[in-house]
Each structure stands twice: as C-alpha cells, then as structure tokens.
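In what follows, a single structure is set out as structure tokens and then discussed.
The values are calculated or read from the model by the stated rules, or taken from the named source; none is laboratory data. Just so it is clear, the structure is predicted and the values come from calculations on it, not from any experiment. Note: ideal-geometry Cβ built from the backbone for every residue, glycine included; neighbour counts use all protein chains shown.
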Amino acid sequence: MTDQPDGLRRRLRAVLRWLVFDPAADGESPLGTGQPAGLERPWRHRWDHLPKRTAGFGFTQRDYREARGRAEEVARLTLGDDLWLRLRRTGHLDLPSHRFPGVTYRLRVGKRIEVRSAPGIRPPWPYPFLCINPTYPLPEAEFFAHLYLYVRDNEDEVIRVAAPQPWDQALGRTF
C-alpha cells in the first residue's frame with residue numbers, strides 16, 4: 001500500500017518527461033499501452049523560423065495532400081455532416097456571440113474571424129476582424145474546427161487572445 005504513491009509519482013514523472021522534456025523519447029509510450037511513441041508533440045518545438053503557410057522543411061506535396069485530407073475528415077467529424085455541408089456550400093459558418101448581444105462571428109476556413117453586428121448594435125472591437133493563429137502549423141480545415149469549438153464553447157478565451165485587425169487576410173500558420 002505504501003508503495004503505490006511512489007509508483008504513481010514515478011509513472012507521472014515518466015509521462016511528463018515523455019510529453020515535455022525528453023527530446024529523444026522514442027520507443028514505447030510511458031503510459032504502458034504497448035503502443036509506440038509515435039505521437040506528434042509539436043509543442044516541443046519552436047516554429048518561428050518557418051515561412052508562413054508551410055508545415056516545415058521536408059514536407060512533401062504528398063505530405064500536404066495527406067495532412068489536408070485528414071484535416072478535412074477531422075473538421076467534418078467535429079462539425080457534423082450538416083454544418084460541414086453548409087460550410088462547403090456557403091464558405092462560412094456564423095455563430096452568435098454569447099457575450100455580446102447582436103454580434104455574430106463569421107468563421108471561414110483559413111481566414112480571420114469576421115465580427116458582424118446587427119443594425120444599431122455597437123461592435124465590441126474597433127476593427128471588424130479578429131486574428132488568431134495556431135501556435136504551430138496546422139491544416140486550415142483542422143484549425144477551423146478548433147476555432148469553431150472555441151467560439152462556440154469558450155468565447156471568453158477567444159476574446160482574451162484575439163487581436164482585432166482592420167483588414168482580412170489568410171492566417172499565417174495554416175497551410
């Protein structure tokens with residue numbers, strides 16, 4: 001019984017080392033699943049050196065095609081078939097703000113969030129676009145699914161991190 005806390009501490013240290021600290025963490029996952037440690041851990045790298053709209057050096061056209069295909073599947077499964085078809089048909093999804101009455105967020109794949117206000121409603125920001133980029137390169141469709149969930153379920157975080165912008169443009173860390 002007294003051995004359990006030490007064993008648990010040892011296991012937690014191994015998981016933390018595997019996730020964050022050990023750059024050469026190969027082999028089996030410390031979670032004890034018997035699975036290889038092939039999990040991508042992009043938070044362990046710096047991404048500032050990459051050109052915009054790329055996934056990094058050594059990424060082939062085939063890699064881009066496969067990543068975008070997987071991303072579209074992730075987005076479709078995240079949104080559900082009805083919203084995914086609406087997005088494909090119209091090019092955007094509108095989500096009403098829970099925080100600001102009369103304000104709607106227009107989400108578009110690979111673009112900044114457009115903030116739209118109903119007639120007579122004062123916009124909450126001085127500019128009509130909100131810029132949020134991923135920390136590391138992601139396919140546009142996958143990041144769109146992330147943004148959709150954040151705007152829908154965690155608007156306060158979006159308000160906290162978004163940078164209001166006077167113009168629209170493509171996001172920098174998506175491809």
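Descriptive notes on the structure:
- Within the span defined as region 101-110, one or more residues are without any contact (Cβ under 8 Å) to a residue 40 or more places away in the chain, within 18 Å of VAL74 (Cβ to Cβ) and hydrophobic (A, V, I, L, M, F, W, C).
- Residue count for region 87-98 under the criterion of being assigned to a helix (DSSP H, G or I) and more than 14 Å from ALA145 (Cβ to Cβ): the result is 2.
- Residue check, GLN35 exposed (fewer than 14 other Cβ atoms within 10 Å of the Cβ) and either at pLDDT 90 or above or in contact with a Gly (Cβ under 6 Å, 6 or more places away or on another chain) (or both): no
- Taking the conditions (1) of a type outside the set (Ser, Thr, Tyr); (2) in contact (Cβ under 8 Å) with a residue 24 or more places away in the chain; (3) over 24 Å from ARG173 (Cα atoms) in turn, ARG68 satisfies each one other than (3).
- One residue alone among ALA25, ALA71, ALA67 is modelled with pLDDT of 85 or more and in contact with a helix residue (DSSP H, G or I) (Cβ under 6 Å, 6 or more places away or on another chain), and that residue is ALA71.
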